[in-house]
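> The structure follows.
Readers should treat all values here as calculations from the given coordinates under stated rules, not as data from a laboratory. Just so we're clear, the structure is a prediction, and the values are computed from it rather than from any experiment. As a convention, Cβ positions derive from the backbone with ideal geometry for all residues, glycine included, and neighbour counts pool all protein chains shown.
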Amino acid sequence: MVVSMKHGQTAFDHVPNAYETALSQYDRAVKHLSLDENVVEYMRWPRREFTVNFPVRRDNGRIEMFTGYRVHHNTVMGPSKGGIRYSMNVTLDEVRALAMWMTWKCSLVNLPYGGAKGGVLVDPKTLSVREKEGLTRRYASELIPLLSPHSDIPAPDMGTGPQEMAWIMDTYSMTVGYSVPAVVTGKPINIGGSQGRNEATGRGVIICMIEALKRKGLTNPGDISIVVQGFGNVGLHAAAYAYELGYKVLAVSDVEGGVYNPNGLDIPAVRAWAAEHNTPYGYPKGERVSNAELLTLPCDVLIPAAMEGQITEHNAPHLRTKMIVEGANGPTTTGADDIINDRGIQLVPDILANAGGVTVSYFEWVQGLQAFFWDTDEVFRQLERILVKAYDATVHMAEDHGVDMRTAAQMTAIKRVADALLTRGFYP
Ligand code: NAD
């Protein structure tokens, strides 16, 4: 399959894009499984790729054209599920990678979903609320042929949140003529969202971190120091939950930069400061650090929770952490994986560590279809049960085959999709 290089890139400075990383992870995992070669080839390909170019009226009256994508990677296990991203880094390759990872993530935590992802090439910070609503509604209406609670169910990702999901749900509902809450997840609670969905991904990251630490005999939170990259939905809630449990969060960052205090940050205070200043960068009770510096700070656990391709062959030799728990999707390149494994740094991979989000999205979808809603305790109890089970399955696969945790997680997920594919058969 052809993978495009970014414009202006040469072979010498080539850093693998997300799709190259996703494909090389896949190739690594299938090598350890004795699967039919037809099945291996089939699962490598995205099923559908949808590109839309659409107009948005800016506040100054001008019409601007935007490009968006929605990719369904594999739908053998059920309707496709995956977030929608608004970012200036969105490319078709990025969306393909994220859709493929969604297939494996849903399979790993045993949800009845295939994998999808969507993205619009836009910097959401440059849009007014009215422009953002216009863009979201028009993109949603372009996606109508794909969407429904039984075919494709979007959710938030980078640059989108509950408000965008509300606009998508409303646009879909207005088109079909009745309210359909189950067409998206990550909605506000007053229109059918689930308790706990906002916190779910970050909380799941910490649940997986605790499982990893427990297996090393490290059970006292006060002894463990954590560094978090990204202070959005995932990073903020991971830092907040870790802090609540008594872990020492030494540093956090967003796209502007980070703040570091070797004695630990007061996360509720950083959060309040960031809400006021739109960034944690510059929080006064800590030292300013760049994102590059933050990744190599000394700590017990590093949580990359911003975006893909952050840990590469260039900075992996300089990491000073004992463990990486991937909150973001694809934050580590395959070359960096090799260095991390050689250095004995434990890595809890993205499709396991950040699966809390899609798991509570699944709960939201189930609650929406049944019109019967759960309380927060029930959501968090079921979340922990599912993640711990997936963690155990990954550890067993790693031990049985003598492979690292990423390869084991992918093998567990890929094997389930392959088995389901063979049971269903190749159509026609
Ligand atoms: P978000 O938009 O809420 O937050 C992203 C954060 O990363 C922001 O603080 C932003 O400033 C920061 N950031 C962006 N570019 C950066 C850069 N180059 N360097 C450092 N920081 C940077 O997004 P999110 O929903 O928290 O998603 C973060 C990651 O987690 C993405 O990889 C996403 O795919 C993944 N993820 C999200 C969810 C979810 O439920 N939201 C679920 C699973 C995985």
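> Work out how much length TYR42 to ALA269 would gain on full extension: take 0.36 nm times their residue separation and subtract the Cα-Cα distance, in nm to one decimal.
76.8 nm
> Over the range 33-187, what relative contact order in percent results from Cα pairs under 8 Å that are six or more residues apart?
Working: 304 pairs, mean separation 35.7, N = 155.
For the range 33-187, the relative contact order is 23 percent.
> A follow-up question, please. Report relative contact order for the range 169-212 in percent, whole number only (criteria: Cα-Cα under 8 Å, sequence separation at least 6). Each step should come with its number before you reach the end.
Values: 21 pairs, mean separation 9.3, N = 44.
Once normalised by length, the contact order is 21 percent.
> Could I ask something else about it? So who's got an amide H within less than 5 Å of the one on ILE324, skipping anything under 5 residues away but keeping other chains? H placed 1.01 Å off N, in plane.
Distant-sequence amide H within range of ILE324: LEU302, GLN346, LEU347, VAL348.
> Same structure again: Let me have the 222 nm mean residue ellipticity of the chain computed from DSSP H runs of 4+ only, each contributing -39500 (n - 2.57), with the sum over all residues rounded to the nearest 500. Provide the component values of the computation, followed by the final result.
Working: 14 runs with 188 residues, N = 428.
When only DSSP H runs of four or more count, the value is -14000 deg cm²/dmol.
> Count the net charge of all other residues whose Cβ sits under 10 Å from the Cβ of GLY258, scoring Lys and Arg as +1 and Asp and Glu as -1. Numbers along the way, then the final one.
Values: positive: ARG288; negative: ASP254, GLU256, GLU287, GLU293.
Local charge sum for GLY258: -3.
> If I model a spin label at SER179 and TYR427 as a point 7 Å from the Cα along the Cα→Cβ vector, what separation in nanometres do I get?
Computed distance between label sites SER179 and TYR427 equals 3.3 nm.
> If packing is taken as the average count of other Cβ atoms within 10 Å, what order do 218-226, 304-312 fall into, highest mean first?
Details: 218-226: 16.1, 304-312: 23.3.
Output ranking for 218-226, 304-312: 304-312, 218-226.
> In terms of the ratio Rg/(2.2 N^0.38 Å) built on C-alpha atoms, what value belongs to the range 198-353? Provide the component values of the computation, followed by the final result.
Values: Rg = 14.0 Å, N = 156, 2.2 N^0.38 = 15.0 Å.
My calculation over the Cα atoms of the range 198-353 gives 0.93.
> Still on this structure, I have one more. For the range 28-48 and the range 154-185, what is the separation of their Cα centres, given in Å?
Using only Cα atoms, the two centres lie 33 Å from each other.
> In square nanometres and to one decimal, what's the mean projected area of the convex hull around the Cα atoms of the range 301-428? Let's see the in-between values first.
Numbers: hull surface 42.3 nm².
About 10.6 nm², averaged over all directions.
> Taking H placed 1.01 Å from N in the peptide plane, check which residues at least 5 places from SER87 or on another chain put their amide H under 5 Å from its amide H.
VAL120, VAL122
> Also, I was wondering about something else. Enumerate the lysines that LYS81 could reach by cross-link, defined here as Cα to Cα under 23 Å, with residues fewer than 8 away along the same chain left out.
Qualifying lysines at Cα under 23 Å: LYS105, LYS117, LYS132, LYS187, LYS389, LYS415.
> As a footprinting exposure proxy, order SER253, SER141 by other Cβ within 10 Å, with the fewest listed first.
On the way: SER253 27, SER141 16.
Lowest count first: SER141, SER253.
> For the range 18-148, state what percent of all Cα-Cα pairs lands in each successive 5 Å bin, counting from 0 Å until the bin that includes the largest distance.
Going out from 0 Å in 5 Å bins, the range 18-148 shows 2, 10, 19, 20, 17, 12, 9, 6, 3, 2, 1, 0 percent.
> Related question: Please list, or write none, the lysines whose alpha carbon is within less than 16 Å of the alpha carbon of LYS285, excluding same-chain residues fewer than 8 places away.
Correct list for LYS285: LYS248.
> Evaluate E = 1/(1 + (r/R0)^6) for PHE66 and GLU313, where r is the Cβ-Cβ distance and R0 equals 45 Å; express this FRET efficiency to the nearest 0.05.
So, using R0 = 45 Å, E works out to roughly 0.85.
> Can you check what the net charge comes to around TYR69, using other residues whose Cβ is under 15 Å from the Cβ of TYR69 (Lys, Arg +1; Asp, Glu -1)?
Working: positive: ARG47, ARG48, ARG70, ARG85, ARG96, LYS117, ARG138; negative: GLU49, ASP93, GLU94, GLU142, ASP152, ASP157.
Surrounding charge for TYR69 is +1.
> Still on this structure: How far apart, in nanometres, would the label points at ASN278 and VAL395 be if each is projected 7 angstrom from Cα along the Cα-to-Cβ direction?
That separation, rounded to one decimal, is 4.5 nm.
> In the range 145-223, which trypsin sites (Lys or Arg not before Pro) fall in coil by DSSP and have 14 or fewer other Cβ atoms within 10 Å? Intermediate results must be reported in sequence, preceding the final value.
Working: sites: ARG197, ARG203, LYS214, ARG215, LYS216; in loops: ARG215, LYS216.
Sparse-neighbourhood loop trypsin sites (Lys or Arg not before Pro): ARG215, LYS216.
> Of all the C-alpha pairs in the chain, what % are more than 30 Å from each other? Could the numbers behind the result be given before it?
On the way: 36402 of 91378 pairs.
Percent of Cα pairs beyond 30 Å in the chain: 40.
> Evaluate the relative contact order of the range 198-353 (contact order divided by residue number), counting alpha-carbon pairs under 8 angstrom at least 6 apart; express in whole percent. Working shown, then result.
Working: 338 pairs, mean separation 34.7, N = 156.
So the answer I get is 22 percent.
> At ASP419 and PHE54, where each label point lies 7 Å from the Cα along Cα→Cβ, what is the point-to-point distance in nanometres?
So the label points at ASP419 and PHE54 sit 3.9 nm apart.
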